[in-house]
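Trainee: Sharing a structure with you now.
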Amino acid sequence: WNRRPISVWRYREILPVTIPPVTLQEGGTPLYHLERLGAEMGLPHLYAKHEGMNPTGSFKDRGMTVGVSMAVQLGMKSVACASTGNTSASLAAYAAKGGIPAVVLLPAGKVALGKVAQALMHGAKVIAVRGNFDRSLEMVRDLCLKHGIYLLNSVNPYRLEGQKTIGFEAVDQLGDVPDRLVLPVGNAGNISAVYKGLRELETLGFIDRLPMMTGIQAAGSQPLVQAIQGSLPAVVPEANPETVATAIRIGAPVNGEKALIAIRETGGTAASVTDEEILAMQRDLAQKEGIGVEPASAASVAGIKKLVEEGRIDRDERIVCVVTGHLLKDPETVIRQCPPPIEIDATEQALLSVLHLSS
Ligand code: F0G
């Protein structure tokens with residue numbers, strides 16, 4: 001066990017699949033020490049686990065290798081999901097690998113370009129719903145129930161089984177349990193999955209404590225944060241979620257109650273960050289650490305920056321931020337933020353001139 005490479009299937013004994021899995025070699029993503037950003041924030045032990053390094057560029061691949069394998073194991077003939085983009089890209093790829101047709105419902109006009117491109121190219125039937133993600137999820141749940149299609153949103157428990165391996169890998173790579181694990185929260189599946197997995201490791205006796213589970217949402221879409229800060233017994237949906245981080249533009253997180261348990265039982269917390277803070281951190285990660293992530297992913301690190309500035313966390317903590325998806329997922333948001341390339345005539349003189357060099 002200890003000699004197996006770090007990946008989702010390293011942990012196969014505590015995953016539900018018993019057939020040869022449908023795999024694209026997911027997991028085993030890098031854990032980076034954020035030396036420069038950590039120093040700036042006064043956090044010497046700040047790490048990022050780069051889930052954008054998965055086969056389709058997001059953590060969803062961990063859930064889909066298990067979820068699509070289970071669909072095959074259970075003899076399902078077709079699969080479906082609603083998605084803010086990454087789940088659909090991942091489902092499309094794994095359904096292709098598994099040889100089953102996939103249907104994906106996307107909120108029309110609200111999905112980043114790279115994700116739509118992936119879902120289309122991997123051959124899913126891509127449907128753009130004139131409505132938001134929450135409505136798309138309602139529709140696909142209904143469709144699957146009535147027509148025997150296998151639903152692969154995070155209401156499917158097998159998806160979460162795959163995603164729990166993020167926590168296992170973080171512990172293995174750090175060599176210890178981090179004090180705090182920070183995740184961007186949309187539908188709240190991932191934070192619930194990671195908590196569940198670490199609870200299992202604790203029950204099995206592999207670890208003796210849990211990290212403080214910390215969820216970060218966008219200010220325009222923060223029902224979980226409101227429930228935590230208001231000590232509410234349940235998450236109250238947000239009717240009109242809005243944020244530049246379209247991946248987490250979700251008002252009614254289906255796993256909200258599980259996330260409340262994860263945060264409360266571990267002494268964790270939840271916080272929100274503005275779109276400006278998200279984009280500033282996306283640039284900082286790219287330019288100070290060489291880590292390219294999409295906006296939703298930058299939310300976890302932006303949230304830690306805010307929490308430390310507000311004095312809500314201890315500077316000595318060992319903190320692992322999960323950065324969930326790759327920079328190339330959302331090229332349009334990148335292009336909108338950065339100055340355009342400097343176009344020049346094809347001469348040495350023009351080149352030297354823009355670089356302020358003399359010949
Ligand atoms: N980060 C990214 C890049 C995501 O795509 C998502 C969710 C999250 C964070 C939040 O994870 O929903 O488990 O709390 N994306 C889903 C999708 C909703 O359809 O791709 P969560």
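Trainee: Calculate the length of the line joining the C-alpha centroid of region 1-41 to that of region 86-139, in whole Å.
Mentor: Result: 25 Å between the Cα centres.
Trainee: How large is the dipole of region 60-156 about the Cα centre if only Lys and Arg carry +1 and Asp and Glu carry -1, each at its Cβ, rounded to the nearest 20 debye?
Mentor: On the way: 11 positive and 4 negative charges, 20 e Å.
Using only the charged Cβ atoms, the result is roughly 100 debye.
Trainee: Related question: Compute the length gained on full extension between Asp316 and Ala117: take 0.36 nm times their separation in residues and subtract their Cα-Cα distance, giving the result in nm to one decimal.
Mentor: Full extension of this stretch gives 67.4 nm more.
Trainee: Of Leu152, Val104, Val171, which is farthest along the charge dipole of region 104-200 in the positive direction, counting Lys and Arg as +1 and Asp and Glu as -1 at C-beta?
Mentor: The one lying farthest along the dipole's positive direction is Val104.
Trainee: Let me ask another. From the square roots a ≥ b ≥ c of the eigenvalues of the alpha-carbon gyration tensor of region 60-156, which class results: rounded (a/c under 1.5), prolate (a/b over b/c), or oblate? All intermediate terms of the calculation are to be shown ahead of the outcome.
Mentor: Numbers: a/c = 1.81, a/b = 1.25, b/c = 1.45.
Cα axes put region 60-156 in the oblate bin.
Trainee: Something else: Between beta-carbons, use under 12 Å as the cut-off and find the net charge around Ala92, counting Lys and Arg +1, Asp and Glu -1.
Mentor: +3
Trainee: I would also like to ask the following. Around Met53, under 15 Å between beta carbons, what's the net of Lys plus Arg minus Asp minus Glu among the other residues? Walk me through the numbers on the way to the answer.
Mentor: On the way: positive: Lys49, Lys60, Arg62, Lys329; negative: Glu26, Glu51, Asp61, Glu169, Glu289, Glu294.
Computed value for this residue: -2.
Trainee: Stretched out fully, how many nm does the piece from Gln25 to Leu351 gain, at 0.36 nm a residue minus the Cα gap?
Mentor: Extending this stretch completely gives an extra 113.1 nm.
Trainee: Now for a separate question. Would you look at the GNM of the chain, springs on alpha carbons closer than 10 Å, and say which of Thr165, Thr324, Thr333 moves the most?
Mentor: Among Thr165, Thr324, Thr333, the largest mean-square fluctuation in the Gaussian network model of the chain belongs to Thr333.
Trainee: If you stretched the chain out fully between Glu40 and Glu332, how much longer would it get, using 0.36 nm times the residue separation minus the C-alpha to C-alpha distance?
Mentor: Length gained between Glu40 and Glu332: 102.3 nm.
Trainee: Here is a follow-up. Can you list which of the trypsin sites (Lys or Arg not before Pro) found in region 69-167 are DSSP loop residues with at most 14 other C-beta atoms within 10 Å? Before the final figure, lay out each step's value.
Mentor: Numbers: sites: Lys77, Lys97, Lys110, Lys115, Lys125, Arg130, Arg135, Arg141, Lys146, Arg159, Lys164; in loops: Lys77, Lys110, Arg130, Lys164.
Counting only loop positions with at most 14 other Cβ atoms within 10 Å, the trypsin sites (Lys or Arg not before Pro) in region 69-167 are Lys77, Arg130.
Trainee: Quick one: if you stick a label point 7 Å off each Cα along the C-beta vector at Arg141 and Ala234, how many nm between them?
Mentor: Simple spin-label model gives 1.2 nm for this pair.
Trainee: Under a cut-off of 16 Å between alpha-carbon atoms, report the lysines in cross-link reach of Lys110, not counting same-chain residues fewer than 8 places apart.
Mentor: Lys329
Trainee: Would you tally the net charge around Gln73, using a Cβ to Cβ cut-off of less than 15 Å, leaving Gln73 out, and scoring K and R as +1, D and E as -1? Walk me through the numbers before you get to the answer.
Mentor: Values: positive: Arg12, Lys77, Lys97, Arg159; negative: Glu161.
Surrounding charge for Gln73 is +3.
Trainee: Classify the chain as rounded, prolate or oblate, taking a ≥ b ≥ c as the square roots of the eigenvalues of its Cα gyration tensor: rounded when a/c is under 1.5, otherwise prolate if a/b is larger than b/c and oblate if not.
Mentor: Working: a/c = 1.43, a/b = 1.17, b/c = 1.23.
It is rounded, given that a/c, with a ≥ b ≥ c, falls under 1.5.
Trainee: Between Gly28, Gly186, Gly63, where does the largest GNM mean-square fluctuation fall for the chain, given springs only between Cα atoms within less than 10 Å?
Mentor: Judging by the Gaussian network model, the answer is Gly28.
Coordinate-derived values only; no laboratory data. The structure displayed is predicted, hence computed values, not measured ones. Cβ: placed from backbone, ideal geometry, glycine included. Neighbour counts: every protein chain shown.
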